[in-house]
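The values are calculated or read from the model by the stated rules, or taken from the named source; none is laboratory data. Since this is a predicted model, take the numbers as computed values, not measurements. A quick note on method: Cβ atoms are made from the backbone with ideal geometry, for glycine too, and the neighbour counts reach across all protein chains shown. Note: areas computed on protein heavy atoms with side chains; ligands, DNA, RNA excluded. Shrake-Rupley method; radii C 1.70, N 1.55, O 1.52, S 1.80 Å.
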Amino acid sequence: MAKLYFRHGAMGSSKTANALMVEYNYYERGKRALLLKPKLDSRDGEKVIKSRMGLEKECRFVEELMEMSDEEIGAYDCVIVDEAQFCKKAEIECFVHVVDDLNIPVICYGLRTDFRREPFEGSIWLLAWADVIEELKTVCWCGQGASCNTRFNEKGEIIRDGEQICLGADDKYVALCRKHYKEGKLAP
C-alpha cells in the first residue's frame, strides 16, 4: 500500500540531498521516480533541484503534475517533491489522489514553519494528511537540535517580521534551537 510521506526539517537538514538520494535509489533499481518542485522555487534555475552539497538533478514542476493524466503518472514508481512547503492545498490533494487511487508513494520534503515559526500552506496540509511524518535533524551552533528557520539581514540581525516567502539559503537563513531563536543569538 502506497503512502504519503512528509519529511520535514529546518534549513540545512539535508532535505534536498535526501530527496535526490532517494530518486537515485529508485533509478539504481530500474525504477522511475518523478522528481518535482513548485515553480516558485527558482533559486537554482527552472526545473533543477540542487542541494547545498552540490548534488543536482533535472525535475518537473508540481504544477505540471496537476495537468498529467493518471496514465502518465502511472508510468512512475514514486513521486518525490522538494520544497513542498510552497505547495497549495489543491496540490497536496493531488498527492493524496496519487497515493490512494494510483497506489504510488509520494515523498514530500520541506519546511514545517517559516522564520516567524508559522506554518506554510503546504506544510499544514501535509501534517494533516500524510501517512508518515518524519523529522530530518540538524543542529544549532550550540550543538542542540535546531528546529527554527531564522532569517537575518546583512548586519547579522534576526528578522522577525516580513513576507513569509523570501527565497534564499545560507545568505539569509540559519537554523537555530528554540532557545537561541528566542534570544536572537545567531552565534556564540
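A few notes on this one:
- Debye, to nearest 20: dipole size of segment 1-117, +1 on Lys, Arg Cβ, -1 on Asp, Glu Cβ: 740 debye
- Accessible area, probe 1.4 Å, largest first, for residues V139, V174: V139, V174
- Dividing the summed helix terms, -39500 (n - 2.57) for each DSSP H run of n ≥ 4, by the number of residues in the chain produces a 222 nm estimate of -7500 deg cm²/dmol to the nearest 500.
- Surface share of carbon and sulfur [accessible, 1.4 angstrom probe, percent] for segment 75-163: 46 percent
- Among [x] 16.0, 46; [y] 17.3, 51; [z] 16.7, 54, the entry derived from the coordinates for Rg and Dmax of the Cα atoms in Å: [z]
- Selection of GluC sites (Glu not before Pro), segment 1-102, meeting DSSP coil and at most 14 other Cβ within 10 Å: E46, E67
- Model label zone, R29; criterion: amide N under 19 Å from point 7 Å along Cα-to-beta-carbon; scope segment 95-129: 99-100, 102-109
- Coupling constants for segment 23-37 follow from the phi torsions by the Karplus curve (6.51 cos²θ - 1.76 cosθ + 1.60, θ = phi - 60°), and in residue order they are 4, 5, 4, 4, 4, 4, 9, x, 9, 10, 10, 8, 9, 10, 8 Hz; glycine and proline get x.
- Residue pairs, from the table K15/K39; K137/K179; K47/K172; K3/K31, whose Cα atoms sit over 20 Å apart: K47/K172
- Note on segment 1-118: dipole from Cβ charges, positive end direction compared against Q85, L111, V48; the farthest Cα belongs to L111.
- Solvent-accessible area per residue for the chain (1.4 angstrom probe, square angstrom): 52 Å²
- Backbone N within segment 8-29 under 19 Å of label point (7 Å from V139 Cα along the Cβ vector): 9-15
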